[in-house]
Amino acid sequence: MSHFAFEQAICTAFDLGAPVGEITPVVSGLTHRMWRLETERRAFAVKEISIDSSGAWTIDRIERAFTPERAAFDAGVPMPRPVPVAGTNTCLAEVRRDNGSIATVRVHEWMEGEGLQRIVYGADFAGRVGQVIARIHGLAMDAGVTQAKALVTLGEDHWRSLAERVERSDAEWKWEFRAILPTVGEIEGYVDSARGDDTPLILGHRDADQKNWMKTTDKELLLVDWDAAGPVNPRHEVASLALTWSGVHLGEPDWKVVRVWIAGYREGGGVEDVIRPTDLAEFVAVLSQWFEYNARRAIGERPADDAERKRSGHRAAGVQGSAAVFAVGRAVDTVACAGMTTTDAVRCGRWRGRAFRGIAGGSLRPSKMFRLRLSL
Ligand SMILES: Nc1ncnc2c1ncn2[C@@H]1O[C@H](COP(=O)(O)OP(=O)(O)OP(=O)(O)O)[C@@H](O)[C@H]1O
Ligand SMILES: [Mg+2]
């Protein structure tokens, strides 16, 4: 195979001009693999997607996410320019590597800067991020699906069957798992209670936490990684992101940041609707799916190849993040303090607070589960 054949194949697929030098890996890509490729025209970010055809990362899903991504870029949302496959409206190309294997890749223009960390950045960034999210929501891209359909719960049978498999495994915590199920049931009941919400869903980014932003050398904030873009209830995305940016996954959230985030969102023209008691449903649903995913991994139901093991630190961090579910009740109260809710929401928040504190203090023993995950 000729020199730079892989680089050349990517350049041909995406019409990038002739490659200049070898493609180089970028360390910060955690879920997939990120590369930098320089051509005679400019530098490009090449992302090799770990396609998981039975899970989240299917080709279809990523192609569906490309539509809102391009629309957001065209509307001036600060983000790297996505490069479609030459002559098409699609974003993924299969390219042969020098060793003959096939890589599924997509391309963006390379932007100079650095990725943000999983920390609380304070008022300035929170306000700016809120504004960008408002701009995306302002595009009002119709998602074509109802809230009732979009929310995911796994259901009692699924969890009971998982408990049976856990009990047949050699997990150290196998006899504790079943006692969590009533609380999981309450959590899913809460998620289900949001299905009656008839707010039209729109297309949003769905993963705009700190790690998917970069700060350019001239201090602009860019939103990257649109692969999970899809239907959102704008209020759910606001509630979830305001909490995430204020550190809910790291410990006690910084409530001032919650307020500033929401204020930024409103300044950016975001919806002014009052946050409803059910608006943390998407946040909670994602955390419980993450918990389930990791429980299955812990009992060996998900393959852990080398690449996956390498990423396990990241995954474990995500599981630790699931501890945030315990703060949900309080969180609703506080989003309330940001002026977006009613006394009803506060009451509901307290009720949920009790439920979630119940898990924290009860049989889930999150810290123990999380330590086990870390050692996988
Ligand atoms: N167009 C770009 N130019 C320069 N750097 C980029 C670009 N896009 C992404 N990056 C950097 O690469 C990192 C990983 O990108 P991305 O989030 O798309 O991949 P990922 O595999 O989903 O990573 P993670 O799991 O950390 O979210 C980003 O945090 C950012 O720092
Ligand atoms: Mg990412």
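Descriptive notes on the structure:
- Filtered by the rule that a residue be basic (Lys, Arg), within 16 Å of ligand 2 (Cβ to nearest atom) and touching a helix residue (DSSP H, G or I) at 6+ places or on another chain (Cβ under 8 Å), the range 36-89 gives no residues.
- Criterion applied to 118, 97 was being away from ligand 2 (no atom under 16 Å from the Cβ) and either closer than 30 Å to residue 44 by Cβ or of a type in the set (Phe, Trp, Tyr) (or both), and the one residue passing it is 97.
- Of the residues 244, 217, 183, the single one that is more than 23 Å from the chain's Cα centre (by Cα), closer than 30 Å to residue 106 by Cβ and polar (S, T, N, Q) is 217.
- The single condition among (1) touching a residue at least 12 places away in the same chain (Cβ under 8 Å); (2) within 30 Å of residue 15 (Cβ to Cβ); (3) assigned to a loop (DSSP other than H, G, I, E, B) that residue 104 does not meet is (3).
- With a requirement of 2 or more residues that are surrounded by fewer than 21 Cβ atoms within 10 Å (Cβ to Cβ) and within 16 Å of ligand 1 (Cβ to nearest atom), the strands (runs of 3 or more DSSP E) lying completely within the range 188-235 that satisfy it span 213-216, 221-223.
- Answer residue from the range 225-245, given it is within 16 Å of residue 71 (Cβ to Cβ) and among the hydrophobic types (A, V, I, L, M, F, W, C) and is modelled with the lowest pLDDT among those: 228
- Count of residues meeting criterion [more than 30 Å from residue 20 (Cβ to Cβ) and either assigned to a strand (DSSP E or B) or at pLDDT 90 or above (or both)] in the range 36-64: 3
- So residue 135, is it assigned by TED's automatic domain parsing to the domain that holds residue 244, charged (D, E, K, R) and either part of a loop (DSSP other than H, G, I, E, B) or surrounded by 17 or more Cβ atoms within 10 Å (Cβ to Cβ) (or both): yes
- From the list 88, 104, 153, 146, the one residue that fits, being among the β-branched types (Val, Ile, Thr) and loosely packed, with under 15 Cβ neighbours inside 10 Å, is 88.
- Each residue in the range 13-35 was checked for being away from ligand 2 (no atom under 16 Å from the Cβ) and either over 18 Å from residue 63 (Cβ atoms) or part of a strand (DSSP E or B) (or both), and 10 pass.
- Matching entry among 39, 58 (being under 30 Å from residue 192 (Cβ atoms) and not charged (D, E, K, R)): 58
- The range 236-281, residues that are within 24 Å of residue 116 (Cα to Cα) and not in a helix (DSSP H, G or I): 246, 247, 248, 249, 250, 251, 252, 253, 254, 268, 270
- Number of positions in the range 1-35 that are at pLDDT 95 or above and either of a type in the set (D, E, K, R) or within 9 Å of ligand 1 (Cβ to nearest atom) (or both): 2
- Test: residue 150 is in contact with a Phe, Trp or Tyr (Cβ under 6 Å, 6 or more places away or on another chain) and either within 24 Å of residue 58 (Cβ to Cβ) or away from ligand 1 (no atom under 16 Å from the Cβ) (or both): no
- Hits in the range 85-108 (condition: under 20 Å from residue 4 (Cβ atoms) and touching a strand residue (DSSP E or B) at 6+ places or on another chain (Cβ under 7 Å)): 85, 93, 94, 95, 96, 97, 102, 103, 104, 105, 106, 107
- Checking residue 214 against (1) under 27 Å from residue 275 (Cα atoms); (2) in contact with a strand residue (DSSP E or B) (Cβ under 8 Å, 6 or more places away or on another chain); (3) within 16 Å of ligand 2 (Cβ to nearest atom), the condition it does not meet: (1)
- In the set (1) touching a residue at least 24 places away in the same chain (Cβ under 8 Å); (2) under 23 Å from residue 63 (Cα atoms), the condition left unmet by residue 267 is number (2).
The values are calculated or read from the model by the stated rules, or taken from the named source; none is laboratory data. The shown structure was predicted, so the numbers you read here are calculated from the model rather than taken from an experiment. Here the Cβ is made from the backbone with ideal geometry for all residues, glycine too, and neighbour counts use every protein chain on show.
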